[in-house]
Amino acid sequence: MAAFGIDLGTTYSCISRVDGSTGEPVIIPNEAGEDTTPSVVYFESAYKVQVGADAKNVARTDPDHVVALIKRDMGRKNVQLNFHGLPYTPESVSALILKDLVKSVSRTTGETVESVVITVPAYFGVAERQATRVAGEIAGLDVINVIEEPVAAAMYYGLLTPGANRTILVYDLGGGTFDTTVIKLVDGDVTVVCTDGSHSLGGADWDEAVATYLFDYFVAEEPGAGAEDSEELLQDLMLVAEKLKMSLSVRQTAEQAISFRGRTVRAQLSRAAFEEMTADLLEQTLEITDRTLHTAREKGVDKIDEVLLVGGSTHMPIVFTRLAERVGVTPKRKEPDLAVAKGAALFAVHETARTRLTAADGNGRGRRAAVSAERLADELGVPVGTIEKMQGRKVTTVVPRAFGVIVLEDLPPEPGKPEPEEPAMHLVVEHLLHANTPLPTERVTKQFGTAVDNQREIRIEIWEQAGDVESRQPTDNTNIGEGLIKRLPPLKKGSPVDVTFQMTEGGKLFVEAKELHTGLTLNLELQIGEMTPGQVADARDAVSRLS
Ligand code: ADP
Ligand code: MG
């Protein structure tokens, strides 16, 4: 039973396992021989799907049956897709990508993938993490755990050595997203200090800049060809632009033929010109990095020891140069687009070792005896030294975003105007848990009051931060659950209600609301984004119909 690590990326995905003889993680390439597979699904018919580069190529000719960037919809309950009369969810589409990765393993190595660790961005909330687990279950996999991409990357870079103390900045520029995370290692235990980023900034924006350049170049060279309104030409150029961009990571100039209605123009692009036309994009990432370092400083991190480059877009040489200048630390770059999957493979061994080797800890009564490192190494197909290295290492994670309740708040009287009899009120989100609090959290209690006299019910709505920063505005938050305290006797406005939040290490949120006068209590346990076992089974049947 080998354990695998999967980087389920917004634009590219990748699968890895720890090699049995060297103990090093290796990538299992897809059937086309590539290390990474585009996270794109083409619904060819009710019975057939294609995943990867083929699906990506179809996107232009049959866009209505192609799904890309599904990761952005993970955890959203209201996203329902339909192809050839059949319903799909973000979880089931992601399951198709996972199944494709797993299939390439069985085709290329003959191994069956059962247990996996899947990575998620550090900013993923409870719903998104749960949706990722569910995607794995729909794909028929045993999901040992989901772990943060930057932590996986740090693991691969070999920085999570037991007993070590350092602070690491992970700069992850992928295809559709940008993430920065600060990780602290204290005596070898990992804590995510803070995380920031943009969900709408990534390699595709660099592609677009190049595509626009090529487009304008063609139109200027061939003004009579009628290309200026051609959406089709621009779409074609997006795919071409990505290849051109990649070649500029290794050479100083690249040339590209652009053909439209029988006319062909050859465009040249130098790396310097490319860097100039995309300088504002890079600057945005550097500003977010500054913001992250600022947050980290507020949390007591005043020195960054290591800067790690992660994500395919950090192959661009300018990223390395500019980030080094900005942060004052020479970044490390080692297979940036494979690092997350490889780190996840190491984690898959780590997690299995942690649970299996410590099964008899504590009082041990009635529990399965821990297996020996030798036996586990044998079962997992990894060298025993790898298991031993994993022992005694702990990973702490943090609350990914702020969580709170929505409350009616009196508006202060407007200056200069007479005070109204009843103060005007507005809705705000009061956060009880803030982003980056280490998990598991303590119980956090805040007192609120009933909104009006003789209120018969109290509605408790749980809201989660939706934007990049914490905000009290309801529109910057998402409602993720609710409940009612019912049958209250008549109470005065402002009668106290204690609300308590606590989040477990696994990201499960417990909420308790207690009306203090009556002692009436509401308890909520948020299983947000989770499907029932029946729904998972149905989705599994639906995706296994597809080949
Ligand atoms: P994801 O965002 O899904 O995690 P990756 O980290 O693999 O995916 O990043 C994909 C992005 O990296 C794409 O935009 C791709 O064009 C870009 N990329 C991959 N290789 C290179 C390269 N050699 N030079 C520049 N960009 C690259
Ligand atoms: Mg990624």
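Read-outs throughout are calculated quantities, based only on the coordinates presented, and are distinct from any laboratory measurement. Keep in mind that what you see is a predicted model, and the values were worked out from it rather than measured. Note that each Cβ is placed from the backbone with ideal geometry, even for glycine, and that neighbours are counted across all protein chains shown.
Data overview
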{"read-out": "Kirkwood Rh in Å, taken over all unlike Cα pairs in the range 203-279", "value": "12.4 Å"}
{"read-out": "Rg/Rh ratio calculated on Cα atoms of the range 43-114 (Kirkwood radius)", "value": "0.99"}
{"read-out": "Largest-first ellipsoid semi-axes for the range 403-526, taking √(5λ) over the Cα gyration tensor eigenvalues, angstrom", "value": "26, 20, 11"}
{"read-out": "Debye intensity ratio I(q)/I(0), log10, the range 98-148, q values 0.32 Å⁻¹ (C-alpha model)", "value": "-1.20"}
{"read-out": "Rel. contact order, % - alpha carbon contacts under 8 angstrom, at least six apart, the chain", "value": "15 percent"}
{"read-out": "Cα centroid separation - the range 281-302 against the range 412-451, whole Å", "value": "29 Å"}
{"read-out": "For the range 203-279, with +1 on Lys and Arg beta carbons and -1 on Asp and Glu, the positive-most of Gln235, Gln268, Tyr217 along the dipole", "value": "Gln268"}
{"read-out": "Burial ordering of Glu208, Glu414, Glu148, fewest other beta-carbon atoms within 10 Å first", "value": "Glu414, Glu208, Glu148"}
{"read-out": "222 nm mean residue ellipticity, helices alone, for the chain (DSSP H n ≥ 4; -39,500 (n - 2.57); rounded to 500)", "value": "-9500 deg cm²/dmol"}
{"read-out": "Paramagnetic label zone (point 7 Å from Cα along Cα-to-C-beta, Ala324; backbone N under 13 Å) in the range 235-272", "value": "none"}
{"read-out": "The range 430-495: GluC sites (Glu not before Pro) falling in loop per DSSP and having at most 16 other Cβ within 10 Å", "value": "Glu442, Glu457, Glu470"}
{"read-out": "Whole-number D in µm²/s for the range 132-173 (Stokes-Einstein; Kirkwood sum over Cα pairs; 4 °C, 1.567 mPa s)", "value": "105 µm²/s"}
{"read-out": "Span per principal axis, largest first, for the Cα atoms of the range 213-326 (Å)", "value": "62, 27, 19"}
{"read-out": "Loop trypsin sites (Lys or Arg not before Pro), the range 200-290, which have at most 12 other Cβ atoms in a 10 Å radius of their Cβ (DSSP)", "value": "Arg251, Arg261"}
{"read-out": "The range 203-279: relative contact order in percent, alpha carbon pairs under 8 Å with at least 6 residues between", "value": "32 percent"}
{"read-out": "Ranking of Arg356, Arg60 by count of other Cβ atoms within 10 Å, fewest first", "value": "Arg60, Arg356"}
{"read-out": "Separation of the Asp541 and Leu81 label points, Cα + 7 Å toward Cβ, nm", "value": "2.2 nm"}
{"read-out": "Volume per residue of the C-alpha convex hull in the range 1-130, rounded to whole Å³", "value": "115 Å³"}
{"read-out": "3J(HN,Hα) from dihedral phi, the range 431-438, Karplus parametrisation 6.51/-1.76/1.60, rounded to Hz, x for glycine, proline", "value": "8, 9, 10, 10, 3, 6, 6, x"}
{"read-out": "Evaluated over the chain, the Cα radius of gyration and Dmax, each in Å", "value": "25.8, 83"}
{"read-out": "Relative contact order for the range 12-155, counting Cα pairs under 8 Å that sit 6 or more residues apart, in percent", "value": "19 percent"}
{"read-out": "Above-threshold pairs, the threshold being 18 Å between Cα atoms, out of Lys184/Lys334; Lys184/Lys299; Lys71/Lys184; Lys342/Lys508; Lys417/Lys492; Lys56/Lys243", "value": "Lys184/Lys334; Lys71/Lys184; Lys342/Lys508; Lys417/Lys492"}
